[in-house]
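The values are calculated or read from the model by the stated rules, or taken from the named source; none is laboratory data. Just so we're clear, the structure is a prediction, and the values are computed from it rather than from any experiment. Ideal geometry is used to build each Cβ from the backbone, glycine not excepted, and the neighbour counts take in all protein chains shown. Heavy atoms of the whole protein, side chains included, go into the accessibility calculation; ligands, DNA and RNA do not. Shrake-Rupley method; radii C 1.70, N 1.55, O 1.52, S 1.80 Å.
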Amino acid sequence: MQLVVARIGRAHGIKGEVTVEVRTDEPELRLGPGAVLATEPASTGPLTIETGRVHSGRLLLRFEGVRDRTAAEALRNTLLISEVDPDELPEDPEEFYDHQLMDLDVVLADGTEIGRITEITHLPSQDLFIVERPDGTEVMIPFVEEIVSEIDLEEQRAVITPPPGLIHESEAVVASSRDEEAAGAAEGGKDA
């Protein structure tokens, strides 16, 4: 099975290094020296990692055969793809690969069906499950411990405890500073 593990960013320096946007929880395993990665577009690869280092909080990689800034810049926005055994599990039991989560049934703690995970979106702050409901509409569920209370791969389900309004908009509680100011002004007017 192929997994996208990084996206190449801009060139760094003049010796062929590039910045990468890491898309794996195991960069030391997937992006180490000697790793051979497929690419998207396929015409830019495969690429073999020659060196890697962290600079100012960013991972920098150099690939075999890429020796200057021009060659490095030509790789910009290329996706790096690693071949992963479908039965392989992450080292941390609290982590999951996307393919393990796809098509899981999403249910509330009481067993109420919400839908099925059809997509996983990776954002800088958190991951989102895109869940298709039985009526065909979609809902986005943040993949955070406070909301996704259990992932049961044997039962093929994700149990969630959503806050009000996440699943059913009619349950949403709207609070804004204007509402608080209006309430405060109304109370102040009663005293006068």
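Listing for the model above:
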quantity	calculated
Within the accessible area of region 1-139 (1.4 Å probe), percent carbon and sulfur	49
Length gained when the stretch MET140-SER56 is fully extended (0.36 nm per residue, less Cα-Cα span)	27.0 nm
Solvent-accessible area per residue for region 1-90 (1.4 angstrom probe, square angstrom)	55
Per residue solvent-accessible surface (Å²) - region 96-150, probe of 1.4 Å	56
Förster radius 30 Å - calculated FRET efficiency between GLN2 and ASP110 (Cβ-Cβ, nearest 0.05)	0.20
Gained length - GLU154 relative to ARG67, 0.36 nm times residue gap less alpha-carbon distance	26.5 nm
Rg/Rg_globular for region 109-154, with Rg_globular taken as 2.2 N^0.38 Å and Rg from C-alpha atoms	1.18
Cα pair distances in region 60-146, grouped into 10 Å bins until the bin that holds the longest one, percent each	13, 33, 27, 18, 8, 2
